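Structure first, commentary second.
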Amino acid sequence: MMRDTLILAAELVVLFLGVSFVVQYAQRRMGSDRLRAWMGGRPLPAALKGIGIGFVTPFCTFTAIPLLIGLRKADVPPAGYVAFIVAAPVLDPVLFGALVVIVGLSSAAAYVAVAFAAALGLAIVAQRSDIDRHLKPVPAELAPV
């Protein structure tokens, strides 16, 4: 049991470091301005883009944190990063496929619809309530380069 725990912990650390590296590399190549411009704009399109990124990144919340920090460092509007962090762990193509096998297509589609609506709704509420003022600032050592 202890061996399994250590192996799982090592896998999570490697995954976390790998995702952090990829996020930093992509941010340096793409630039914060370009990311902010793409994810910026009105709340609904920003939220839809955040959900899209969350859907295609097969990460749990633990490994989505580096990407969330990257979005915050780039000053992406709250609708974009809240939609991402809500959608990432619950909207996943692999999860959808597993649900189709376990509970059937209609129930899996209902799950995706509810999760999508919840992520979209929370993102819009976060944007309108100016959630940024309630969050800690990104630490200086994580500030954009």
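Note: relative contact order over the chain, using C-alpha pairs below 8 Å and six or more positions apart, is 27 percent.
Please find the FRET efficiency linking residue 133 to residue 56, where r is the Cβ-Cβ separation and R0 is fixed at 30 Å, and quote it to the nearest 0.05.
On the way: r = 30 Å, r/R0 = 1.00.
E(calc), rounded to 0.05, equals 0.50.
Using a Gaussian network model of the chain with C-alpha springs under 10 Å, which one of 29, 133, 42 is most mobile by mean-square fluctuation? Looking only at 29, 133, 42, the biggest GNM fluctuation is shown by 133.
Across segment 14-91, C-alpha contacts under 8 Å between residues 6 or more apart give a mean separation that, scaled by the residue count, equals a relative contact order of 42 percent.
Ranking 105, 76, 56 by Cα position along the charge dipole of the chain, where only Lys, Arg, Asp and Glu carry charges on their C-beta atoms, puts 76 farthest toward the positive end.
Of 46, 108, 98, the residue with the greatest mean-square motion in the GNM of the chain, using alpha carbon springs below 10 Å, is 98. If you roll a 1.4 angstrom probe over the protein chains with everything in place, what fraction of the accessible area of the chain belongs to carbon and sulfur, to the nearest %? Result for the chain: 71 percent of the exposed heavy-atom area is carbon or sulfur. Along segment 127-132 the Karplus relation, 6.51 cos²θ - 1.76 cosθ + 1.60 evaluated at θ = phi - 60°, assigns HN-Hα couplings of 5, 5, 8, 6, 4, 4 Hz to successive residues, with x for each Gly and Pro. Extending 7 Å from Cα along the Cβ direction at residue 10 and again at residue 37 yields two label points whose distance is 4.5 nm. Mean-square fluctuations from a GNM of the chain, with a 10 angstrom spring cutoff on Cα atoms, peak among 121, 97, 41 at 97. Were the residues from residue 94 through residue 2 laid out at 0.36 nm apart, the gain over their Cα-Cα distance would be 30.3 nm. Remark: C-alpha extents of segment 37-132 on the principal axes read 40, 24, 20 Å, sorted largest to smallest. Rounded to the nearest Hz, the phi-derived 3J(HN,Hα) couplings of segment 71-79 under the Karplus curve 6.51 cos²θ - 1.76 cosθ + 1.60 (θ = phi - 60°) are 5, 5, 4, 7, 6, 5, x, x, 4, where x marks glycine and proline. The 3J(HN,Hα) values that the Karplus relation (6.51, -1.76, 1.60; θ = phi - 60°) gives for segment 103-108 are, in residue order, 10, x, 5, 5, 5, 5 Hz. Gly and Pro appear as x.
The values are calculated or read from the model by the stated rules, or taken from the named source; none is laboratory data. On a predicted model such as this, the values are computed, not experimentally measured, just so you know. Positions of Cβ are backbone-derived with ideal geometry, glycine not excepted, and every protein chain shown enters the neighbour counts. Heads up: the accessible areas ignore ligands, DNA and RNA and are worked out on the full protein's heavy atoms, side chains in. Shrake-Rupley method; radii C 1.70, N 1.55, O 1.52, S 1.80 Å.
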